[in-house]
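A short write-up of the structure that comes next.
The values are calculated or read from the model by the stated rules, or taken from the named source; none is laboratory data. This structure is a prediction, so every number in the text was calculated from the model and none was measured. Here the Cβ positions follow ideal geometry from the backbone for every residue, glycine too, while neighbour counts run over all protein chains shown. With ligands, DNA and RNA removed, areas are computed over all heavy atoms of the protein, side chains included. Shrake-Rupley method; radii C 1.70, N 1.55, O 1.52, S 1.80 Å.
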Amino acid sequence: MKIRDLHDEFTADRAAAERAYYGKYLTLEGVSIRTGESQYGTPVVDVSDVPGGPHLAIFVLPFDHRIKESFRIVRSVPLGVPVTVKGECRVFSEDGTVLVIKECEILTP
């Protein structure tokens, strides 16, 4: 599923989207706009639907005993390229702008 499509579902009817997607593992596609460390110290890839586009989602990689490997993987993701992950849909920000997908496994690139 494209990240814009999922984001649009949350924007259109947040309650229905939460019921449908929270806690589910999804395969999602986005375009990397930032990689590195989140404000919480976790390894992340921020994505949009187009290069340089609006921040739509945060793909959070595992930060348990695998954190070093996750940061290595995050650093290898170029900016402006399509990124496909499998991860758990967990949060839509309070302001209704950003999805948080956790436990992500990067499938491509």
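Of note:
- Relative contact order of the chain, taken over Cα pairs closer than 8 Å and 6 or more residues apart, is 29 percent.
- Å² of accessible area per residue within the chain, as computed with a 1.4 Å probe and no ligands counted: 54
- Residue separation of Thr84 and Leu107 scaled by 0.36 nm, minus their Cα-Cα distance, works out to 7.7 nm of gained length.
- Cross-link partners of Lys102 among aspartates and glutamates (Cα-Cα below 16 Å; sequence separation of 8 or more within a chain): Glu18, Glu29, Glu37, Asp46, Asp64, Glu69, Glu88
- Heavy-atom accessible surface of the chain: percent carbon and sulfur, 1.4 Å: 55
- Summing Cβ point charges (Lys, Arg +1; Asp, Glu -1) relative to the Cα centre of the chain gives a dipole of roughly 340 debye.
- The loop-placed chymotrypsin sites (Phe, Trp or Tyr not before Pro) in segment 19-97, going by DSSP, that have at most 11 neighbouring Cβ atoms within 10 Å of their Cβ come out as Tyr40.
- When both segment 13-30 and segment 52-109 are represented by their alpha-carbon centers, they are found 15 Å apart.
- The candidate values are (1) 37, 29, 24; (2) 50, 26, 19; (3) 61, 20, 19; the one derived from this structure for Cα extents along the principal axes in Å carries the label (1).
- In the chain, the DSSP-assigned H stretches of four residues or longer account for a calculated mean residue ellipticity at 222 nm of -7000 deg cm²/dmol, using -39500 (n - 2.57) per stretch and the full residue count as denominator.
- Cα-based helix-to-principal-axis angle, 3-12 vs the chain, degrees rounded to 10: 30
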